[in-house]
Amino acid sequence: MQIFLILGIPVILILCALVFKRPKVFGIINSAGYLMVLVFSIILLRKLFFLAPAGFVSYLGFIYLDSLSAFFIFVTSVVSFAASLYSIGYIRNDLDKEKITEKKARIYYLLFNLFCLAMFFVPAVSNLGMLWVSIEITTLVSAFLVGFYNTKESVEAAWKYIIICSLGIILALLGTILFSYAFAISGLSRSLNWQEMVPVAHILDKNILKIAFIFILVGYGTKAGLAPMHTWLPDAHSQAVSPISALLSGVLLKTAIYAILRFGIIVVKGVGFAYFGNLMILFGVISLAISCGFVIVQKDLKRLLAYSSIEHIGIICVGFGLGPVFGVIGALLHVYSHAVTKSLMFFGAGNIINVYKKHNMNVIRGVIKVMPFTGIMVLLGMFALAGFPPFSIFFSEFLIIAAAFLKGSYLVAGLLLLFLSVIFGAFVFHFGKMLFGNTPKDMAVIKEPLSVKLSFLFLFFQVCVFGAVLPFIKKELVWFAQRLF
Amino acid sequence: MQAIILFGVLVSTYLMIIAKRLPALISSFRIQSFFLFLATLSIAVNERQLDLYIISGLLFLIKVCIIPHFLYRIIKKIKVSEDVGMLLNVQISLLFAFFLTYLSWALSGKIISIGNQAQVVVLAVSFFAILTGVFLMIFRITALSQIIGLLVMENGLFLLAATVSGGMPFFVEIAIFFDVFVSVVIMGFFIYRINKLFTHIDVNKLSRLKG
């Protein structure tokens, strides 16, 4: 039942956004709606992840949820609530400075809700074709949010985004069709529902499954930002409206990972784990290597964070590639911890850029004096993002590296440690200069609006308590990881 | 009958590779879509299913009528040169096309087990259309030809889905149609914006964002 509320509330908000005339007030209604979505998704997560981990929820043969879907819906709702909270202050600021008109602010909220609705659909649908359609809709809607400010840069970013992702997603459709072909020639009744494909995966044609999975990985991998198909990502993330950058990086990439996992489960059952695992590790390590190089030489603040997203997607892929138990747990936790930490950082970057009016990190100096609250949050978030203990990303990365050592893949573990330490250094270097350093002249101390502060605290709370919660849920996690593939 | 339709798809795809002007590209796309329509219609007649009739009707409406018309209108409105912007000239493109044809033939032979020659041909033609779409997206530099490249890929996929795997479920098919249509409209919208801001639609010159 909760799933209808989770999908229904964004629909109601879309209708409200159409009729409601005052965007400043609507922002508050919007985040109240997403708070409700968050509550329902927690209930759903509790039901499917903790109370009945083997259970599922199915409606009309169209919606089908198991613990994996519940987890991804939870992550999506956390970030979309934080983004809706942050949007209140951000859009109000844009309106006050007359960067956008009231009409445009209304369009923003309309698109925001459409975007979130499409992302909630991805883990909820049972049909692999509908999964494809939902992911394509997320691209189409968010392209407008990337090109929102209508500058030359943002329109260029939106064009690259829509073309590269459409190309990728068409390859994913080819993969999906090959999966359904494998199903059709096996003599079973035709179906594209994943829950019907998993039990019979072992009798499907192995060669077709292998070829199909390559297309799936390249196709959805484009959307997930895996290198070398990542070229749209830094452009889109740096040009989008800041709350949307957080959504893009925090959840949109994860929905593509979810799609890869759904097909991956079928492939693992049909072909064996080694094929899936090696491909995931390969793409993951390439992503880490490429993002590592770009993080070091980066000059643009939001692009730096975008390349760091590529890095973290790489880590997630390596984690899933290493397999049960520790690799899968680590990757799953990393999906969540990266989502909250990166959203926090994008919100911080949004505040900084609003004040300094520049993306260039060489111009931004002394943030901690100009904006004490944002400055401290960004400083802590930076350490969290780079994988410093007691923050959440440390635990997930630790689990993944431990999985690599336990499995005997010393090369993978070594490469992970190497790239992570280089990126850590680069982050401290870049953020150290920005946060401290001499403040430019005639800059007064600026206070953030309440909604922005709340969204920071909401995310930061999750970044911190994560490690303390971990011991209490380890039984469920292990159980989940053992059953995933 | 099927052989003629497949031959038609193949020829119209070759026409797209050698097209030098945008209207020629669009009209060959229209021809290709028309052959696709014939293919689905023939399957519909054979299997006597209402679903397939609806799908072929939608195909005719969207891909043969609306989308080409919409693309022609964009060309008329933005008043840029009608050149497709070839990065490779016709001769080399044609050589590429031969290579792609061979490649798709080889690939489809691998996927389908022995003894099913008719399916291998269908698979090869649809792979060829998909690869041609990729080719058009990479080696033609105007934004409009990139859209057509995407549509050609989609056509190839449609042929693959309809003939080889016996089609997708009905509502998925409808959703994909809707999706393709919406994405073309949105891309057209962005072409207007690009043209307004940059006064050209040459995507090779979109290089403000780097690193």
Mind giving me the nanometre distance, one decimal, between the label points for residue A:39 and residue A:282, set 7 Å out from Cα along Cα→Cβ?
-> 4.9
State the answer as a single residue: which of B:98, B:159, B:85 lies farthest towards the positive end of the charge dipole of region B:2-205, with beta carbon charges of +1 for Lys and Arg and -1 for Asp and Glu, about the Cα centre.
-> B:85
Return a whole-number percent for the relative contact order of region B:2-205, with Cα pairs under 8 Å and 6 or more residues apart as the contact set.
-> 22
Taking N as the number of residues in the protein assembly as shown, what is its alpha-carbon radius of gyration divided by 2.2 N^0.38 Å?
-> 0.94
Quick one: compute a quarter of the convex hull surface over the Cα atoms of region B:2-205 and quote it in nm².
-> 11.0
Between residue A:447 and residue B:205, how many nm apart are label points set 7 Å from Cα along the C-beta direction?
-> 5.0
Per residue of A:123-130, other chain Cβ atoms within 10 Å number on average 3
Rg to Rh quotient for region A:376-427, alpha carbon positions, Kirkwood Rh | 1.04
Exposed trypsin sites (Lys or Arg not before Pro) being those in a DSSP loop with at most 14 other Cβ atoms within 10 Å, the longest stretch of chain A free of them is A:191-298
Placing +1 on each Lys and Arg Cβ and -1 on each Asp and Glu Cβ in chain A, then taking the dipole about the Cα centre, the residue among A:315, A:41, A:265 whose Cα reaches farthest towards the positive end is A:41
Taking only DSSP H segments of four or more residues, each worth -39500 (n - 2.57), what value at 222 nm results for the protein assembly as shown once the sum is divided by all its residues, to the nearest 500 deg cm²/dmol?
-> -26000 deg cm²/dmol
Can you list residues whose amide H is under 5 Å from residue A:20's amide H, if they're 5+ apart or on another chain and H is modeled 1.01 Å from N?
-> none
Please give the average number of partner chain Cβ atoms lying within 10 Å of the Cβ of each residue in A:154-161, rounded to a whole number.
-> 5
Unit charges on C-beta of K, R, D, E only; dipole of region B:2-205, Debye = 700
Taking a 30 Å limit on the Cα-Cα distance, which of the listed pairs A:103/B:77; A:160/A:474; A:206/A:475 fall beyond it?
-> A:160/A:474; A:206/A:475
Size of the dipole of the protein assembly as shown about the Cα centre, Lys and Arg at +1 and Asp and Glu at -1 on the beta carbon, nothing else charged, in debye to 20?
-> 1520
Separation between the residue A:362 and residue B:65 pseudo-spin-labels, each 7 Å from Cα along Cα→Cβ, expressed in nm?
-> 5.8
For region A:215-350, count the residues as N, evaluate 2.2 N^0.38 Å, and divide the Cα radius of gyration by that value, please.
-> 1.00
Got a sec? Which residues in region B:1-37 would a label at residue B:90 touch, if it sits 7 Å along Cα→Cβ and we count backbone N under 12 Å?
-> B:15-21
For residue A:193, the residues 5 or more places away or on another chain with a placed amide H closer than 5 Å to its own amide H are A:128
Estimate the FRET efficiency between residue B:178 and residue A:102 by the formula 1/(1 + (r/R0)^6), using the beta-carbon distance for r and 41 Å for R0, to the nearest 0.05.
-> 0.85
Loss of accessible area when A meets B, both sides summed, Å² nearest 100, probe 1.4 Å | 4100
In region A:96-161, which GluC sites (Glu not before Pro) are in a loop and have at most 10 other Cβ atoms within 10 Å, using DSSP for the loop call?
-> A:98
How far is the Cα center of region A:1-54 from the Cα center of region A:177-254, in Å?
-> 26
Where the accessible area of region B:96-211 is counted over protein heavy atoms with a 1.4 Å probe, how much of it, in %, is carbon and sulfur?
-> 70
Karplus ³J(HN,Hα) for region B:73-87 (6.51 cos²θ - 1.76 cosθ + 1.60, θ = phi - 60°; Hz, whole; x = Gly/Pro) runs 5, 4, 4, 5, 6, 7, 6, 9, 5, 8, 5, 7, x, 7, 7
Go through region A:476-483 residue by residue and turn each phi into a ³J(HN,Hα) via Karplus (6.51, -1.76, 1.60, θ = phi - 60°); whole Hz please, and just put x for glycine and proline.
-> 4, 4, 4, 4, 4, 5, 5, 8
Tabulate in residue order the Karplus-calculated ³J(HN,Hα) for region A:154-164, using 6.51 cos²θ - 1.76 cosθ + 1.60 with θ = phi - 60°, rounded to whole Hz; enter x for Gly and Pro.
-> 6, 5, 4, 4, 5, 5, 4, 4, 5, 6, 5
Can you give the Rg and Dmax of region A:81-192 based on its C-alpha atoms, in angstrom?
-> 18.3, 64
Qualifying trypsin sites (Lys or Arg not before Pro) in region B:1-106, DSSP loop, other Cβ atoms within 10 Å at most 10 | B:48, B:79
For helix B:22-47, what angle does its Cα long axis make with the longest principal axis of chain B, in degrees from 0 to 90 and rounded to 10?
-> 20
Solvent-accessible heavy-atom area per residue, rounded to whole Å², over chain A at 1.4 Å | 33
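The values are calculated or read from the model by the stated rules, or taken from the named source; none is laboratory data. All values derive from a computational prediction rather than experimental measurement. Ideal geometry is used to build each Cβ from the backbone, glycine not excepted, and the neighbour counts take in all protein chains shown. For the accessible areas, the whole protein counts, side chains as well, though only heavy atoms, and no ligand, DNA or RNA atoms are used. Shrake-Rupley method; radii C 1.70, N 1.55, O 1.52, S 1.80 Å.
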